[in-house]
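The next block holds one structure in the form of structure tokens; read it before the comments.
The values are calculated or read from the model by the stated rules, or taken from the named source; none is laboratory data. Just so you know, these numbers come straight off a predicted model, no measurement behind them. Every residue, glycine as well, gets a Cβ built from its backbone with ideal geometry; the counts of neighbours run over all protein chains shown.
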Amino acid sequence: MDTINHTDLNSRRAFLRTAAAGAVLAAVPSVLQGREAPTVLAPGVRGANDRIRVAVLGVNGRGKSHIEEIMKLSSMQVEVVALCDPDREVLMARAAEFEKKYGHKVAVEQDFRRLYDDRNIDAVTLATPNHWHALQTILACQAGKDVYVEKPATHNIYEGRKMTEAAFKYNRIVQNGVQLRSSVAIREAIGHLRDGLIGRVYMSRGLVYRWRPDIGDQGVSRIPEGLDYDLWCGPAPMRPFTRNLVHYNWHWHWDYGNGDVGNQGIHQTDLCLWGLGLEKLPERITSMGGKFLWDDCKEVPEIQTSVYHYPSEKKMIQFEVRNWCTNLEDGAGVGNIFYGDKGYMVIKGYDTYETYLGQSREKGPSRSEKGEQALHFQNWFEAIRARDMSLQNGPVQTAHLSSALAHLGNISYRVGQQLEFDPVAERFTGSCAQEANQMLSREYRAPYLLPSVI
């Protein structure tokens, strides 16, 4: 696999200034064959209508928040104009709620490809299952549309490299859905870390202590009327239909999800990297855990501890997933802890930080301020209007790295060994390299193929 040269965050503006204003479409992948190749808009072009028209893909879970947050920003001349979901029952319910709340109808479509063909749609938000995120992002970039993609942005590491390549080639604004990057409080906290408030920061812990119950095993059943199950499965294997997958519990099956480290945990893996100032992947990874609680059909571990080592930077990340009764770490059940030689910092959720200084744990600066979701969408729209990736709080590079960190832990868990990794080539080395490298990508189900040439 070819290696993408990740542009440093501080050089994104220079990169875009030298990029061609209009990108030429690459060979149209098989998933779009038979359709007219869409025109890629040049930077700054919004078409006849200056409003940014958005389609929301996946409206059963996070997509509901996408609709609400975007519609709050009407003063920015943005609007949701279309909803998309392969489950028609969910789709029509959401459309009815939209009309009741906002006083007008919204377009509905089960097949996202028809929306990608629509030149009147400027941008898409993706709240689809993990196994669809990267391919839908790449196809959106090729169709000339900007993208807000939920976490994790990828289902495997290779997808992140291709997604990054697509964003830069087609000059698309791809925003990683880690809204804490736009939190006023968390941005202040990162400033304290950079300014040395807790000294030299050498380690971060990511914590995901979520109440995840026994999901049982509902077995195989008939595909519900109105669900396009082939489209729901997309590039992933088309297993016999089961309620164990549709609509939420796919998170706990490897073909579709990535466990809680790749679900809730991406917010925390991203913050680990951001707070430690790391813009690459680690050199050594070890992870262990298992299913200790329930005899259900989950494939992913309920309890998992991963360690990511950066020996050349003398830094380390620890990551813990606990799915049931647990203590809280200084009040952080979902969050991060940063350790320095002068104190430590606790991040609680998406909008609160506290600091404790010295051996006596004297309380230092703290802040709590909500509103990060709206700010993150606002930041995305500002970057779209400016056609400037350097304005983004959650650029595509972070989407790749934060997701890939979670994937590395899962690969180590599944292989059952400590792994050595080349962060430049993004390949495993050492005794388990062959088995581990096979998990860097996946087999894609036709016609939903990830294009090798972006």
Residues in the stretch 87-111 that are free of Cβ contacts under 8 Å to residues at least 60 places away in the same chain and either in contact with a Leu (Cβ under 6 Å, 6 or more places away or on another chain) or among the aliphatic types (A, V, I, L, M) (or both) total 10
Select from the stretch 65-79 the residues that are part of a helix (DSSP H, G or I) and out of contact with any helix residue (DSSP H, G or I) (no Cβ under 7 Å at 6 or more places or on another chain) and write down the one among them that is surrounded by the most Cβ atoms within 10 Å (Cβ to Cβ). H66
Can you find even one residue in the stretch 236-258 that is on the phi < 0 side of the Ramachandran plot, outside the structural domain of H66 (by TED's automatic domain parsing), among the hydroxyl-bearing types (S, T, Y) and not in a loop (DSSP other than H, G, I, E, B)? yes
Say we look at the stretch 425-454 and pick out the residues that are out of contact with any Leu (no Cβ under 9 Å at 6 or more places or on another chain) and of a type in the set (V, I, T); which of these is surrounded by the fewest Cβ atoms within 10 Å (Cβ to Cβ)? V453
Which one is farthest from E372 (Cα to Cα), of the residues in the stretch 180-215 that are of a type in the set (S, T, N, Q) and not in a helix (DSSP H, G or I)? S204
I need the full set of residues from the stretch 190-249 which are more than 23 Å from the chain's Cα centre (by Cα), small (G, A, S) and more than 30 Å from R361 (Cα to Cα), in order please. G216, G219, S221, G226
Residue satisfying condition, being more than 16 Å from K151 (Cα to Cα) and either surrounded by fewer than 16 Cβ atoms within 10 Å (Cβ to Cβ) or touching a residue at least 12 places away in the same chain (Cβ under 8 Å) (or both), within set G257, G199, G177: G199
Matching strands (runs of 3 or more DSSP E) fully within the stretch 341-454 where at least 2 residues are within 24 Å of the chain's Cα centre (by Cα) and in the same structural domain as W274 (by TED's automatic domain parsing): 343-348, 352-357, 419-422, 427-429
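Residues to consider are A20, A14; find the one that is at pLDDT below 90, closer than 30 Å to D422 by Cβ, out of contact with any Asp or Glu (no Cβ under 7 Å at 6 or more places or on another chain) and not polar (S, T, N, Q).
A14
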The strands (runs of 3 or more DSSP E) lying wholly within the stretch 80-172 that contain at least 2 residues that are buried (at least 24 other Cβ atoms within 10 Å of the Cβ) are 123-126, 146-149
Report every pair of residues separated by at least 6 positions or lying on different chains whose Cβ atoms are under 6 Å apart, first residue within the stretch 428-440 and touching a residue at least 12 places away in the same chain (Cβ under 8 Å), second surrounded by 17 or more Cβ atoms within 10 Å (Cβ to Cβ) and β-branched (V, I, T). C432/V415; E435/V415; A436/I411; A436/V415; M439/I411; L440/I157
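Consider S360 carefully, then state whether it is under 22 Å from G199 (Cβ atoms), modelled with pLDDT of 95 or more, of a type in the set (S, T, N, Q) and in contact with a Phe, Trp or Tyr (Cβ under 7 Å, 6 or more places away or on another chain).
no
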Any idea which of V307, V300 is on the phi < 0 side of the Ramachandran plot and in contact with a helix residue (DSSP H, G or I) (Cβ under 6 Å, 6 or more places away or on another chain)? V300
Of the criteria (1) buried (at least 23 other Cβ atoms within 10 Å of the Cβ); (2) out of contact with any strand residue (DSSP E or B) (no Cβ under 6 Å at 6 or more places or on another chain); (3) of a type outside the set (F, W, Y), which one G226 fails: (1)
Report yes if E283 is touching a His at 6+ places or on another chain (Cβ under 8 Å) and either surrounded by fewer than 19 Cβ atoms within 10 Å (Cβ to Cβ) or assigned by TED's automatic domain parsing to the domain that holds E150 (or both), otherwise no. yes
